[in-house]
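Just below is one structure, and these are the notes that go with it.
The values are calculated or read from the model by the stated rules, or taken from the named source; none is laboratory data. As the structure is a computational prediction, the values presented were derived from the model and not from experiment. Here the Cβ is made from the backbone with ideal geometry for all residues, glycine too, and neighbour counts use every protein chain on show. In case anyone asks, the SASA skips ligands and DNA or RNA and just uses the protein heavy atoms, side chains included. Shrake-Rupley method; radii C 1.70, N 1.55, O 1.52, S 1.80 Å.
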Number of protein chains: 2
Amino acid sequence: MSELSAQERIKIAATKVFTLKGLEGARMQDIADEANINKAMLHYYFRNKKQLFEIIFEEKLHKIFGAMELLIFSKDAFENRIRAFVEKQISIVLEFPVMPIFVMLEVRKNPELLEGKFKNIPLDVIRDNFRKVIDAEVMSGNIRRISLEELLMNVMSLCIYPIIAEPILKYVLDLNQESYFELIEARKKSVSDLIINDLKILK
Amino acid sequence: MSELSAQERIKIAATKVFTLKGLEGARMQDIADEANINKAMLHYYFRNKKQLFEIIFEEKLHKIFGAMELLIFSKDAFENRIRAFVEKQISIVLEFPVMPIFVMLEVRKNPELLEGKFKNIPLDVIRDNFRKVIDAEVMSGNIRRISLEELLMNVMSLCIYPIIAEPILKYVLDLNQESYFELIEARKKSVSDLIINDLKILK
DNA sequence: ATTTAATTTAACCAAATGGTTAATGCAAAA
DNA sequence: TTTTGCATTAACCATTTGGTTAAATTAAAT
């Protein structure tokens, strides 16, 4: 039935259960059932619940913030970088919509979870670099003055929220799966348009 | 020490624990400790964990969507209604930032949670009404054509996400509490500006 | 083929957990 | 003062939970 190794199946199962139930809410037996293996195997491949959790958590964290590098390590024009980032960000979140909710909630329970988890992603470099990019655009008169903080908050919000809030939005707006999905697909363009039009308005 | 009744203290404690840990992750003993009462009191005032949870959940749900009525039951001009809604929405979420995360996650675990929980908020009326408001503005040439769905997604995203993602944003953008709070306060205006400027651009 | 190592399982255990109960305190009514 | 009904507590119980272990099975090395 399954081509994957026990270890891989455990990680997939653990991701499913942890993201939905959180560290304390997840049951080792549920993870074992989901992975179709004996419960003892969980402790054979991963020392205990906490360690299994942390491995999953770190993987998901990197997935979410991996897209940020697109904003920096690209030689494209500013507008196109924004468009690429928006599209990538929406696609990533669509792949696993619970991910951001999971990360936000677990970080609130245990703030130390973030410490040292961004080794591979040089946040300070990305920040400095992107501020310079924005400044250059402002100097060239291409965009209005805006802070990195405001811009990033706007883009992340518009990309992430409509996907993580899917069940609520579908209920409130009375949408079926199909029309909801069309709306999200359309956002890959409309969010970029919104952001870029906002930047072009000179105060 | 506390002026509140045992029942009130339980609800406050339960809100704190449930919103952070979820239904399965929450421990009745933790709620009792947080409320400073004997564990048996929980079952004295509320039949069981599930019932206590559902009462908390419904309350929080209404708090979040209460603001939507501002968009309808106001006689203000369109632009001002948007501004009022944005300000209200941000204030509500600031009061209890875990609330939306909690609701989004629990609804994903158990979709039936939403069923029948909007008795007091006539969603269909609000939708119809607001669509008419938008149409009227479009007809008057005040705003570009936009769907209720897109507009609501944009506004909700920009208001809610930056607050629920606080710990992550502070870490990624290297912000202290003070500068983070300033940014959010500024959004009460800047989000409205962004939305309204977008609407004024005629395609 | 035999030994060795890695993988998998069922049975088990101590601790934690949701929930109950019988006894106790305690204020207002009689 | 006595009684009545609500509020509160400690002790208790059955079940669940994370974790262990020793035996069994399978795969790899000799």
Inset, instruction - Consider A:Asn120 carefully, then state whether it is away from chain B (no Cβ under 12 Å) and under 21 Å from B:Tyr171 (Cβ atoms). - result: yes
Inset, instruction - Only residues in segment A:48-59 that are at positive phi count as the first member; pair them with residues that are assigned to a helix (DSSP H, G or I) and not β-branched (Val, Ile, Thr), Cβ under 6 angstrom, at least 6 apart or cross-chain, and list the lot. - result: none
Legend entry - Checking B:Ile10 against (1) touching a Leu at 6+ places or on another chain (Cβ under 8 Å); (2) under 16 Å from A:Gly25 (Cβ atoms); (3) among the aliphatic types (A, V, I, L, M), the condition it does not meet: (2)
Inset, instruction - Give the residues of segment A:155-189 that are under 19 Å from the mean Cα position of the chain (by Cα) and not in a helix (DSSP H, G or I), sorted by residue number. - result: A:Ala165
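When you look at A:Leu152, is it assigned to a helix (DSSP H, G or I), surrounded by fewer than 18 Cβ atoms within 10 Å (Cβ to Cβ), under 16 Å from the mean Cα position of the chain (by Cα) and of a type outside the set (Ser, Thr, Tyr), yes or no?
No: the conditions fail for A:Leu152.
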Inset, instruction - Working only within segment A:29-81, note down all residues that are within 13 Å of chain B (Cβ to nearest Cβ), within 20 Å of B:Leu20 (Cα to Cα) and within 12 Å of DNA strand D (Cβ to nearest atom). - result: A:Lys49, A:Phe53
Inset, instruction - Scan (1) among the β-branched types (Val, Ile, Thr); (2) outside any helix (DSSP H, G or I); (3) open to solvent by 80 Å² or more (accessible area, probe 1.4 Å) for the single condition A:Ile12 breaks and write down its number. - result: (2)
Legend entry - Pick from segment B:12-28, criterion away from chain A (no Cβ under 11 Å) and free of Cβ contacts under 8 Å to residues at least 40 places away in the same chain, ranking: farthest from DNA strand D (Cβ to nearest atom): B:Lys16
Inset, instruction - Could you list, in sequence order, all residues of segment B:95-124 that are closer than 22 Å to A:Ile163 by Cβ and β-branched (Val, Ile, Thr)? - result: B:Val98, B:Ile101, B:Val103, B:Val107
Inset, instruction - Provide a single number: the residues in segment A:128-149 that are surrounded by 17 or more Cβ atoms within 10 Å (Cβ to Cβ) and away from chain B (no Cβ under 11 Å). - result: 3
Legend entry - Total residues in segment B:180-203, condition open to solvent by 40 Å² or more (accessible area, probe 1.4 Å) and among the small types (Gly, Ala, Ser): 1
Inset, instruction - Go through (1) on the phi < 0 side of the Ramachandran plot; (2) within 12 Å of another protein chain (Cβ to nearest Cβ); (3) loosely packed, with under 14 Cβ neighbours inside 10 Å one by one and return the number of the condition B:Gln177 breaks. - result: (2)
